[in-house]
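Asks: Please read through the structure below; I'll follow up with questions.
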């Protein structure tokens, strides 16, 4: 299945869905134009509340990761890579995560190059060349 | 139509020796799956029995789907389905007979809903109710609730006594038939893991009082365990701190909110923050309910903080 949720991890379920779908798009498992399962179907498969899935989809739409088309033949699709987004805006969105990684890393007394290597490895797993 | 399916105002039920429900103010949003949590004897079933008019409140009032009890009692029974823990149906009747029997009581009964539901659920309809497994008994009750066209489904301990497969089927049934279609599901349970999946709202009751009522995702985002180490850590009287447990020079704080600011405050007092981690529902439940218990010699070290 596309998404797995862990209900006892303490991380909100809608965030788990969001981050897994974002990951799937980033890694190419989902391509632009791919259809996502309807809210109720995914909720039923995961045995979770449809409102939770709907919230995740709404947030993904707000972030430009997916788009929804109404009516028959409609649904939720993986959006085109947002071309309109300025690079500065993309960086602004990513910055809080970078700050998190830095703070957590320093907190755990990791060295700067060890932290950077982690990020690099994550990029390589997605097939991004340095 | 208000956006609240159930609301109670200072609802109470007193028995000679016990305050079973003690000033309860519930607000169950329409369209939610609301998990009503509490230990055995916390007042869950008594609350539900009052909502269904099976026992008279000692004080307070409530509304169900904007209907007032006792004035609108019959209308409440039409529009609400109640599945009790001990399913009291005519034991010797088969599922088919029970469906035919119940049909006449409900103006909004739908044979179409019944048929589609029967097809998907695979319930033996020609066996007497008492011969059905507990899982099938529960399924049959939910089938009748769906057929009745209930806008609100109240289930007491839905999965108690069910095997894991039956539990899983039941959750799927609840999601497919009731959730996401604007219907509200109010279920009481102390099976936290399953509630953690399906519920989007949570109310925690203990000794007849509501300890917490909130959207589950908000609870998950705000409750944190902060582990700090250092000398002279404050055993805080902070209202945000739900519990503080000290081992040696380390202390585990459980906070209901603002954990980042709390961690910063500790840091500024010279402490090292070892970890800030989320808690699952079961941990939050234990911390909240334990807090209400008086400090016993066994947990002196675990001095509970003063509640807000």
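The values are calculated or read from the model by the stated rules, or taken from the named source; none is laboratory data. All figures in this text were calculated on a predicted structure; none of them were measured in a lab. Cβ coordinates were reconstructed from backbone atoms using ideal geometry, including for glycine residues, and neighbour counts include every protein chain displayed.
Asks: Any residue at all in segment A:78-89 that's surrounded by 11 or more Cβ atoms within 10 Å (Cβ to Cβ) and touching a residue at least 60 places away in the same chain (Cβ under 8 Å)?
Replies: no
Asks: Sticking with this one: Residue A:26 passes all but one of (1) at pLDDT below 85; (2) assigned to a loop (DSSP other than H, G, I, E, B); which number fails?
Replies: (2)
Asks: Working only within segment B:49-96, note down all residues that are surrounded by fewer than 17 Cβ atoms within 10 Å (Cβ to Cβ), in contact with a strand residue (DSSP E or B) (Cβ under 8 Å, 6 or more places away or on another chain) and outside any loop (DSSP other than H, G, I, E, B).
Replies: Selection gives B:59, B:61, B:68, B:75.
Asks: Right, something else. What about residue B:164, is it within 14 Å of chain A (Cβ to nearest Cβ), under 20 Å from the mean Cα position of the chain (by Cα) and within 20 Å of residue B:47 (Cα to Cα)?
Replies: no
Asks: A further question follows. Looking at A:40, A:92 in this structure, which one is over 30 Å from residue B:191 (Cβ atoms) and either in a helix (DSSP H, G or I) or more than 11 Å from chain B (Cβ to nearest Cβ) (or both)? Give the steps one after another, and end with the answer.
Replies: Details: A:40 fails: over 30 Å from residue B:191 (Cβ atoms).
Within the list A:40, A:92, the selection yields A:92.
Asks: OK, next. Name the residue, out of B:256, B:181, that is buried (at least 18 other Cβ atoms within 10 Å of the Cβ) and in contact with a helix residue (DSSP H, G or I) (Cβ under 9 Å, 6 or more places away or on another chain).
Replies: B:256
Asks: With B:29, B:70 as the choices, which residue is closer than 20 Å to residue B:202 by Cβ and either touching a residue at least 40 places away in the same chain (Cβ under 8 Å) or more than 18 Å from the chain's Cα centre (by Cα) (or both)?
Replies: Unique residue meeting the criteria: B:29.
Asks: What's the number of the only condition in (1) within 16 Å of residue B:288 (Cβ to Cβ); (2) not assigned by TED's automatic domain parsing to the domain that holds residue B:282 that residue B:200 fails to meet?
Replies: Exception for residue B:200: condition (1).
Asks: Give the number of residues within segment B:30-48 that are touching a strand residue (DSSP E or B) at 6+ places or on another chain (Cβ under 6 Å) and either surrounded by fewer than 16 Cβ atoms within 10 Å (Cβ to Cβ) or in a strand (DSSP E or B) (or both).
Replies: So the count comes out to 5.
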